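Take a look at the structure below.
The values are calculated or read from the model by the stated rules, or taken from the named source; none is laboratory data. On a predicted model such as this, the values are computed, not experimentally measured, just so you know. Here the Cβ is made from the backbone with ideal geometry for all residues, glycine too, and neighbour counts use every protein chain on show. Note: accessible area is taken over every heavy atom of the protein model, side chains too, but ligands, DNA and RNA are not part of it. Shrake-Rupley method; radii C 1.70, N 1.55, O 1.52, S 1.80 Å.
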Amino acid sequence: MAIQIPTRLLFIDGEWREPVLKKRIPVINPASEEIIGSVPAATAEDVELAVEAARRALARNKGRDWAFASGAVRAKYLRAIAAKITERKSELAKLEAIDCGKPLDEAAWDVDDVAGCFEYYADLAEGLDAQQKASISLPMEQFKSHVLKEPIGVVGLITPWNYPLLMATWKVAPALAAGCAAILKPSELASVTCLELADVCREVGLPPGVLNILTGLGHEAGAPLASHPHVDKIAFTGSTITGSKIMTAAAQLVKPVSLELGGKSPIVVFDDVDIDKAAEWTAFGVFWTNGQICSATSRLIIHENIAAEFLDRLVKWIKNIKISDPLEEGCRLGPVVSGGQYEKILKFISTAKSEGATVLSGGARPEHLKKGFFIEPTIITDVTTSMQIWTEEVFGPVLCVKTFSSEDEALELANDTQYGLGAAVISKDLERCERVSKALQAGIVWINCSQPCFCQAPWGGNKRSGFGRELGKWGLDNYLSVKQVTQYVSDEPWGWYKSPSKL
Ligand code: NAD
């Protein structure tokens, strides 16, 4: 019998609510292609209700003044959410695995990260109390000035499907820590665990309206959220094309946005490396999460001196990757998220072949898996810089390869992209690594590894990978506005105009 997911409604104003138009979206397990349940489909009508609830949650003196509560009070809720998530770890990991196809071990890792992220922003919420009223020294002694860091207000959070609960948490945790009220719109392709987050918030008694969760389609629920006049900011993670649409909608209202978009990140491997270590990081950098990572280092730039030996070793490493149902023990590569993504990725591979590239390894469905959206880890060589496989984000388990002979050439190839999210450099020469990391055009650079990510360190891209930074204290700043308060403290009159009392 197929595994079923819990049947949930939308989460608005602290309650489960049926979508106004009563629509639902089927949920398909990508490993079996079976329908395992459905999620509610919000529309503009539900967005309206959620925005009203969020505004009420911020209204002063109405008993729901989340924005005016101290950071310490908000921290208490964030820690309670973290604790509940940890308590429900194995159930959440399983739901994540069957909803988006990621191996169970990875999903469990994500759930730990989710709890850690709520804990981290609980600490930062408390720290915010101490930063309030920071004074500014002024050149005129008649004045004194201080700064208040205030929540931006009601924020719309629109997220993708590759790390459904974690990407939502990267936004929800700092937004709530800052004192904002939020409306989360996860991806229609995987939003099951986000509805469980709603259940967690209900269980810990998060005040009504502070977090509203609307599952639904991009154009039906995401678009009305992005263009809503009473939503004060949009934080978006997703494709560059949708990011551009959101920016256009927000521009009409001069609404701030932060955008975490796509990538085509390079990994540069020099000829002084330990081949096995470098090969494992290269594989991990592109095949972790079934290759569906915004920062996947999907362009291997390898020194020509070791290219043949390295690729030979890399193929051996990837032949060892266990491809299976994500719930099977030891699984390291599951299916891609949907039939649409499966077709799209295979099309990328066939276009590469038709443009003259060679599929060195993989390139098709694994023979032992007859059902599910599985694609073998794939390596493509004989690539030119004008090929689609070199320039466009595949968002699947596909690595393309080019060789170099000098550091300058490696950097030229690495930076030859419209994107600027991640980049990795592998070499035993740490001075070189440092030099290269400065020259790489990316928001995140890994040295002698690829992909590890910590909620304490800033995350975000340059160029068409977006702008703004999530995580760390930068993530909190995304949801804060800075207010200057200046006071005249002199007993003397200001004295600019002639006083009528002296006439
Ligand atoms: P997507 O752009 O298709 O969808 C992202 C979200 O936007 C979904 O919730 C979707 O419903 C919503 N949406 C779609 N159209 C909309 C519209 N017109 N208005 C408002 N919302 C709309 O992206 P995806 O396929 O879910 O995710 C994959 C992409 O996300 C990849 O490009 C990947 O690189 C990127 N990504 C980036 C990061 C990062 O940190 N930079 C992290 C994860 C994923």
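Values as computed for the structure displayed
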| read-out | value |
| --- | --- |
| Within the stretch 453-473, considering residues that are of a type outside the set (A, V, I, L, M), within 14 Å of the chain's Cα centre (by Cα) and closer than 18 Å to residue 118 by Cβ, the one surrounded by the fewest Cβ atoms within 10 Å (Cβ to Cβ) | 454 |
| Failed item, numbered, when residue 338 is tested on (1) open to solvent by 10 Å² or more (accessible area, probe 1.4 Å); (2) under 26 Å from residue 385 (Cβ atoms); (3) within 13 Å of the ligand (Cβ to nearest atom) | (2) |
| Filter result for residue 418 (within 16 Å of the ligand (Cβ to nearest atom), open to solvent by 50 Å² or more (accessible area, probe 1.4 Å) and not aromatic (Phe, Trp, Tyr)) | yes |
| Out of 267, 246, 241, sole residue that is within 17 Å of residue 155 (Cβ to Cβ) and either within 13 Å of the ligand (Cβ to nearest atom) or not in a loop (DSSP other than H, G, I, E, B) (or both) | 246 |
| The stretch 270-311: number of residues that are away from the ligand (no atom under 16 Å from the Cβ), assigned to a loop (DSSP other than H, G, I, E, B) and buried (at least 23 other Cβ atoms within 10 Å of the Cβ) | 0 |
| Test: residue in the stretch 95-103 that is of a type in the set (Gly, Ala, Ser) and either within 14 Å of the ligand (Cβ to nearest atom) or over 20 Å from the mean Cα position of the chain (by Cα) (or both) | yes |
| Tally, over the stretch 198-214, of residues that are in a helix (DSSP H, G or I) and open to solvent by less than 30 Å² (accessible area, probe 1.4 Å) | 4 |
| Count of the stretch 80-135 residues which are hydrophobic (A, V, I, L, M, F, W, C), touching a residue at least 12 places away in the same chain (Cβ under 8 Å) and more than 29 Å from residue 340 (Cα to Cα) | 13 |
| Residue list for the stretch 377-405, restricted to those being charged (D, E, K, R) and over 25 Å from the mean Cα position of the chain (by Cα) | 382, 402 |
| Pick from the stretch 380-406, criterion in a loop (DSSP other than H, G, I, E, B) and within 16 Å of the ligand (Cβ to nearest atom), ranking: surrounded by the fewest Cβ atoms within 10 Å (Cβ to Cβ) | 392 |
| Subset of the stretch 15-40 that is touching a Pro at 6+ places or on another chain (Cβ under 6 Å) and open to solvent by less than 20 Å² (accessible area, probe 1.4 Å) - its residue that is farthest from residue 339 (Cα to Cα) | 19 |
| Only one of 217, 195, 261, 253 that is hydrophobic (A, V, I, L, M, F, W, C), surrounded by 20 or more Cβ atoms within 10 Å (Cβ to Cβ) and either more than 13 Å from the ligand (Cβ to nearest atom) or under 27 Å from residue 14 (Cβ atoms) (or both) | 195 |
| Matching option when the condition is farther than 14 Å from residue 176 by Cβ and modelled with pLDDT of 95 or more, among 113, 123, 129 | 113 |
| Matching residues, the stretch 421-441, being open to solvent by less than 20 Å² (accessible area, probe 1.4 Å), in a loop (DSSP other than H, G, I, E, B) and either more than 18 Å from residue 271 (Cα to Cα) or assigned by TED's automatic domain parsing to the domain that holds residue 239 (or both) | 421, 440 |
| Selection from the stretch 448-477 of residues that are among the hydrophobic types (A, V, I, L, M, F, W, C), outside any loop (DSSP other than H, G, I, E, B) and within 21 Å of residue 289 (Cβ to Cβ) | 459 |
| Candidates 367, 409, 329 - the one that is in a helix (DSSP H, G or I), farther than 19 Å from residue 311 by Cα and either within 14 Å of the ligand (Cβ to nearest atom) or open to solvent by 30 Å² or more (accessible area, probe 1.4 Å) (or both) | 409 |
| Single residue of the stretch 220-238 satisfying the filter (more than 8 Å from the ligand (Cβ to nearest atom) and in a loop (DSSP other than H, G, I, E, B)) that is surrounded by the most Cβ atoms within 10 Å (Cβ to Cβ) | 231 |
